[in-house]
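Heads up: the structure comes next, in structure tokens.
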Amino acid sequence: MDRRRFASTLAIVFAAGSSLATTQTAPTPPPSAHATANGSVELSPDSPVAVQELRVEVVGPGISSGRHPSVSFSSTGTAREPGGAKSRLRVVRAGDASGGATASHDADPETGNRLWDLSCTANEVCSGRFALIVESEDRSVAATTLIDWNVDAGFELWGGVAAGQPTVSLVAEEVDVTGIPTLEFATARGEPVRFDVRNRKAQWRVTMTLGEEGINQIEAAAGWPIVSTGWLTTTKSVASETARGEDPGDALAFIHPVGDVSGFEPRNGKEAIEFEPFSQCLEAPPDTKCTAEYVIGLNFGDPREGSAIDAGWNLEVRAIGADGERAPVKVDVEPVGPIPTAVGTAKGRLVSNEQTRGEFRYTIDVPRPAVDDGSWDGLDVPSYGIVRATLTSTGREPLPPDFAVNFGRHGGEGRLTVAGGPTTFGFTPLQDRGCRMQDLATCSIERNLAAGFSTENLPRGWEFTIDWELEIGVGTTDPAGGTLEIVETPRPSPSK
């Protein structure tokens, strides 16, 4: 069987009519109609993606008055043999070469499915051409599997029907292409770098190319989607483990890349990130290769001084042109070198007792030199913070040796105990700011050092003192690095 010719069954359902409101105040929903189609496709190790053309049509008087009719789809797929490949399905407009990255008009108010507006002619016929994409949930298919699919189309007839009921149809057309589509793979690697308490972020510039010289792959596949998927996974090994304190677990995570990467959701390094790598290519000029450029980054979230790992990443990209044309993929990776760091230090003493709570509030303006050659534009600003602190009981009645406080921003970044002696922990000052290197002029840090604790069961006349030292480093465009000024800011006045 030609794997690019798919068996299909046509089912036309006539169903429509206005839904009348039961009261004068309730809104009247637009007339609606439904149609279904079903068939089968083949997934194999050489072709883990299949595309089935769908054509929809609505015919009836008055249907194109006002807003044109729209259609939404729901689909299911089932492997014919037990234990066959698990599949996922989606329907896109056949003209969207990205596989559906283009936003649609809106969503069906009842189902939440994407609504696509149809094109209408003067003779009261509204139609659209779509593609059902069936692909394996896994990155590979172990054996050839037949997937039985079913698609339901729901039509919203916003203009109403002047007389009678409309005729709606959903037709699964046979796919007739000049050649069997070839599955293309590309792999790339982000070489491991050393992460520790002072080197918490690493970044790589990644360039992905779809197509060949002189061919705009998106234009060449006009009318049929190019189905492309990327998987990003971390590689890591423990470099040293001399840190004290509780291990935070898997502290390595991807940060959201710079660039339009559809479906990319940052998460920890335990699981692969699946994304659409060629969203940017929709705007590629004619007769050019489709090139997408990104910055991919990793962040190390273990705050303990002395903990370090070597980590990088692996990337796999898959593409298939459903029209039979090759869609070769190439990936180039350029690691970003060390970014200059400006460092600042401060130290002090905080006292807490029944009358007062010690706190140190501070701000930092990240320095930016007058001359900037733009070498770091588009990159996230790396930063690190280290606190060294000692908790001592200084009241009339001593605190128990196991008395502990949470110390740091909002009293929650490190744990200090009376018996623990000097304690060191790290944090990321810019973790919630998302500053980029070209925005350093407006990138600032506002934080505090304070202790969080419970006063229950504390002896009368209790008091404790925290002696602390603070070190903060922030990336800068100054090649010499430079010095940060940690400026104490007044505590806000209590509201009246």
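The values are calculated or read from the model by the stated rules, or taken from the named source; none is laboratory data. Please read these numbers as outputs of a predicted model, since none were measured by experiment. Reconstructed Cβ throughout: ideal geometry from the backbone, glycine too, with neighbour counts over all protein chains shown.
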Seminar exercise, completed: Among the residues of region 416-438, the number that are crowded, with 18+ Cβ neighbours inside 10 Å, of a type in the set (A, V, I, L, M, F, W, C) and assigned to a loop (DSSP other than H, G, I, E, B) is 3
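One line per residue, one yes/no per condition, for (1) at pLDDT below 75; (2) in contact with a Pro (Cβ under 7 Å, 6 or more places away or on another chain); (3) buried (at least 17 other Cβ atoms within 10 Å of the Cβ):
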site	(1), (2), (3)
P69	no, no, yes
S75	no, no, yes
P82	no, no, no
R93	no, no, yes
S104	yes, no, no
A107	yes, no, no
G112	yes, no, no
Seminar exercise, completed: Checked region 126-150 for anything modelled with pLDDT of 90 or more and either of a type in the set (A, V, I, L, M, F, W, C) or over 19 Å from V58 (Cα atoms) (or both); matches are C126, L146, I147, D148, W149, N150
Exercise. Of all residues in region 303-337, how many are in contact (Cβ under 8 Å) with a residue 60 or more places away in the chain and not in a strand (DSSP E or B)?
Worked result: 12
Exercise. Looking only at residues in region 182-200 that are charged (D, E, K, R) and assigned to a strand (DSSP E or B), which one is nearest to L252 (Cα to Cα)?
Worked result: R194
Exercise. When you scan region 475-496, how many residues do you find that are among the polar types (S, T, N, Q) and either loosely packed, with under 15 Cβ neighbours inside 10 Å or over 30 Å from D380 (Cβ atoms) (or both)?
Worked result: 4
Exercise. What are the pairs, 6+ residues apart or on separate chains, where a residue within region 338-354 that is closer than 25 Å to S393 by Cα has its Cβ under 6 Å from a residue that is surrounded by fewer than 16 Cβ atoms within 10 Å (Cβ to Cβ) and at pLDDT 95 or above?
Worked result: K347/E469; R349/D467
Exercise. Would region 193-205 turn up any residue that is in the same structural domain as R88 (by TED's automatic domain parsing) and modelled with pLDDT of 90 or more?
Worked result: no
Problem set entry | Within region 348-366, considering residues that are part of a strand (DSSP E or B) and in contact with a Leu (Cβ under 6 Å, 6 or more places away or on another chain), the one nearest to T483 (Cα to Cα) | I364
Exercise. What are the residues in region 452-464 that are touching a strand residue (DSSP E or B) at 6+ places or on another chain (Cβ under 6 Å) and closer than 12 Å to A404 by Cα, if any?
Worked result: G452, F453, F464
Exercise. Given the structure, is A419 within 28 Å of F300 (Cβ to Cβ) and among the aliphatic types (A, V, I, L, M)?
Worked result: no
Seminar exercise, completed: Within region 429-448, residues being modelled with pLDDT of 85 or more, under 20 Å from E471 (Cα atoms) and within 25 Å of the chain's Cα centre (by Cα) number 1
Exercise. Within the group I466, I472, which residue is more than 34 Å from the chain's Cα centre (by Cα), modelled with pLDDT of 90 or more, of a type outside the set (F, W, Y) and crowded, with 21+ Cβ neighbours inside 10 Å?
Worked result: I466
Seminar exercise, completed: Result of the Cβ filter at 6 Å on region 417-438, keeping first residues that are over 13 Å from I386 (Cβ atoms) and partners that are part of a strand (DSSP E or B) and among the hydrophobic types (A, V, I, L, M, F, W, C), at least 6 apart or interchain, is T417/A404; V418/L391
For this session: Output the residues belonging to region 114-125 that are hydroxyl-bearing (S, T, Y) and modelled with pLDDT of 85 or more.
Result: S119
